[in-house]
Amino acid sequence: MMPYALSLSQKAKKEINSSYDFFIDRFIKIEAIKFKSVFERITCRDLQSFTITYKNFIAIDIDSYKESIEAIGNYLLGANHGYEIKVYAHKNKQVQLYFYKLPTKYGIDVSVFKPEKVFLGMGEKGLFYKDITRLDHNLTVAESGSGKSNFLQLKILNYIANYHYFKKIYMIDLKGGVELKRYEHLDKIEFVSDIQKLDVILDNVLLDLKETQQELLETNKRKLDSYIMILFDEIGAISVYPDKKLKESIFNKLALISMQGRASGILLDIYAQKIDAQVLSPAITNNLQTKVLGRTTSDYAINLLVDRKEFVRENITAIEVSDFSKGRFIYKNGDTSDKTLIQCPFIPDKLIEQFLHLDIKEFNYHLSTCKHL
Ligand SMILES: Nc1ncnc2c1ncn2[C@@H]1O[C@H](COP(=O)(O)OP(=O)(O)OP(=O)(O)O)[C@@H](O)[C@H]1O
Ligand SMILES: [Mg+2]
């Protein structure tokens, strides 16, 4: 039973006398998570989770459960239990409390990559994927050292695993980093570390955009089957350049791509340590539909990416965003606006090396056989 003190009980009014009947939410069952496949059970061993179901004879008030979730967690598991808790309505007059703990650090191997899917990390229900046909513009904000570049590496590996979906991948690092340079020799990938060159490249992208728009108009097609990806590791590096004209020119082009690119399969994937109107104007951020928030102390970032009120109301996580571990993100899917807490795996150089020396055809075969596991 849930105690009175939590105020979850339902009162039934009696018609004749003025006394009340109280119905306390009654425990029904507890069960461990069921994985969809053996493969998933093996790879999700670091995800701890279980569900507890309660029933009330009258009705369960989901909102009061959500409001008291911290007290419920402490009552059931003791303080400092470390579980995330989600509340779901279930069947008739039932509520399910879903408890889960994401790992803080874990590794992966090539078997997590799937054809047509982008693997993004561990979510509340296990491995978390996005359909490759539903990619859109992305914005990831998290402070230095919180795992953005590592997350970007994970995405790149997914793209290589689904290489035929990409016409071209631009990798832009104006911070002088070399992490992305190692992909340069791959077909279809262009590494850019110079701001002048970036400006020229964006012109080419805009030409491509026009052409694709024209083609889509002429053929009356609406759906595209390949992407041009523009990956920016640290967008903040643009705003610190002294040449105002050049910056303006780049931002104007980015605004155009953010507005019109999606329908033509030209996508921006932008990473930033911090975000404000100077780093990236709302004309651009408003068009980046999928938003990913990692460790930050900035209210501007939190509100821009997930909205503080939603964040609390939807019980996305019990952990403060400022205390997120490396690779912990709130992933807001631009398609559905669903917000999922994910933990990105650690991507060691060894795994990247494996991908760099991959025979794509053989790998695709490997992926297609993995699918049936
Ligand atoms: N998901 C993860 N799990 C465990 N460790 C991680 C994870 N992601 C990153 N790290 C560790 O943290 C370090 C910093 O990560 P990363 O370079 O991705 O941060 P960043 O957000 O890109 O920082 P910056 O903004 O300074 O570029 C990495 O070298 C790695 O060792
Ligand atoms: Mg980085």
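The values are calculated or read from the model by the stated rules, or taken from the named source; none is laboratory data. These numbers come from a predicted model, not from an experiment. Cβ placement follows ideal geometry from the backbone for every residue including glycine, while neighbour counts extend to all protein chains displayed. Side chains are part of the model used for accessible areas, which takes the heavy atoms of the whole protein and leaves out ligands, DNA and RNA. Shrake-Rupley method; radii C 1.70, N 1.55, O 1.52, S 1.80 Å.
Test of understanding: what is the full-extension gain from residue 299 to residue 13, defined as 0.36 nm times their sequence separation minus their Cα-Cα distance?
98.5 nm
Choose one of 200, 229, 347: the residue whose Cα lies farthest towards the positive end of the charge dipole of the chain (beta-carbon charges +1 Lys, Arg; -1 Asp, Glu; about the Cα centre).
347
First measure r as the distance between the Cβ atoms of residue 42 and residue 310, then evaluate 1/(1 + (r/R0)^6) with R0 = 30 Å and state the FRET efficiency to the nearest 0.05.
So, using R0 = 30 Å, E works out to roughly 0.30.
What are the extents of the Cα atoms of the stretch 43-99 along their three principal axes, listed from largest to smallest and rounded to whole Å?
38, 26, 14
Take peptides 290-297, 272-279 and line them up by average Cβ neighbours within 10 Å, highest first, as a rough protection proxy.
290-297, 272-279
Could you check the spin-label model distance between residue 111 and residue 241? Points 7 Å from the Cα along Cα→Cβ, value in nm.
A separation of 4.6 nm, rounded to one decimal place.
Could you give the length gained by full extension between residue 184 and residue 350, i.e. 0.36 nm per residue of separation minus their alpha carbon distance, to one decimal place?
Extra length available between residue 184 and residue 350 comes to 58.0 nm.
Calculate I(q)/I(0) for the stretch 248-357 by the Debye formula, one identical point scatterer on each C-alpha and no solvent, and give its log10 at q = 0.17, 0.21, 0.24 Å⁻¹ to two decimals.
Once normalised to I(0) and log-transformed, intensities are -0.93, -1.17, -1.30.
On average, how much area does the Cα convex hull of the stretch 147-197 cover when viewed from any direction, in nm²?
Projected area, direction-averaged: 3.7 nm².
Out of all DSSP beta bridges with both ends in the chain, state the antiparallel percent to the nearest 5.
65 percent
Of the options 271, 249, 104, report the single residue whose Cα projects farthest towards the positive end of the charge dipole of the chain (beta-carbon charges: Lys, Arg +1; Asp, Glu -1).
Towards the positive end, the residue furthest out is 104.
Let's test the formula: R0 of 41 Å, r as the Cβ-Cβ distance of residue 89 and residue 219. What FRET efficiency results, to the nearest 0.05?
Values: r = 45 Å, r/R0 = 1.11.
FRET efficiency, residue 89 to residue 219: 0.35.
Where the eigenvalues come from the Cα gyration tensor of the chain, what are the semi-axes √(5λ) of the equivalent ellipsoid, largest first, in whole Å?
They are 43, 24, 20 Å, listed largest first.
For the stretch 173-264, treating each Cα as an identical point scatterer without solvent, what Debye log10 I(q)/I(0) comes out at q = 0.11, 0.16, 0.19 1/Å?
-0.37, -0.74, -0.97
Please give the contour-minus-distance gain from residue 70 to residue 338: 0.36 nm per residue of separation, less the Cα-Cα distance, rounded to one decimal in nm.
Taking 0.36 nm per residue and subtracting the Cα distance, the gain is 94.3 nm.
If only Cα atoms are counted, what is the Rg of the stretch 1-88, and what is its Dmax, in Å?
16.8, 60
What does the stretch 7-50 give for Rg and for Dmax, in Å, if only its C-alpha atoms count?
Rg then Dmax for the stretch 7-50, in Å: 20.6, 60.
What's the percent breakdown of Cα-Cα distances in the stretch 84-201 across 5 Å bins, shortest bin first?
In order of increasing distance, the bins hold 2, 8, 15, 18, 18, 14, 9, 6, 4, 3, 2, 1, 0 percent.
Express the carbon and sulfur contribution to the solvent-accessible surface of the chain as a percent, rounded to the nearest whole number, probe 1.4 angstrom.
Result for the chain: 51 percent of the exposed heavy-atom area is carbon or sulfur.
Suppose all protein chains stay in the model; what accessible area per residue would a 1.4 Å probe give for the chain, in Å²?
Per residue, the chain has an accessible area of 50 Å².
Give the relative contact order (percent, whole number) for the stretch 172-220; include only Cα pairs under 8 Å separated by 6+ residues.
Dividing the mean separation by the residue count of the stretch 172-220 yields 31 percent.
Taking R0 as 41 Å, what's the FRET efficiency between residue 27 and residue 133 from their Cβ-Cβ distance, rounded to 0.05?
For residue 27 and residue 133, the calculated efficiency is 0.45.
Using only the Cα atoms of the stretch 1-148, each taken as one equal point scatterer with no solvent, compute I(q) by the Debye sum, divide by I(0), and report log10 of the ratio at q = 0.08, 0.13, 0.14, 0.16 Å⁻¹.
The calculated log intensity ratios at q = 0.08, 0.13, 0.14, 0.16 Å⁻¹ are -0.35, -0.76, -0.84, -0.99.
Rounded, prolate or oblate: pick one for the stretch 233-274, where a ≥ b ≥ c are the square roots of the eigenvalues of its C-alpha gyration tensor, a/c under 1.5 means rounded, and failing that, prolate if a/b is larger than b/c, else oblate. Don't skip to the answer; put the middle values down first.
Details: a/c = 3.71, a/b = 1.47, b/c = 2.53.
Cα axes put the stretch 233-274 in the oblate bin.
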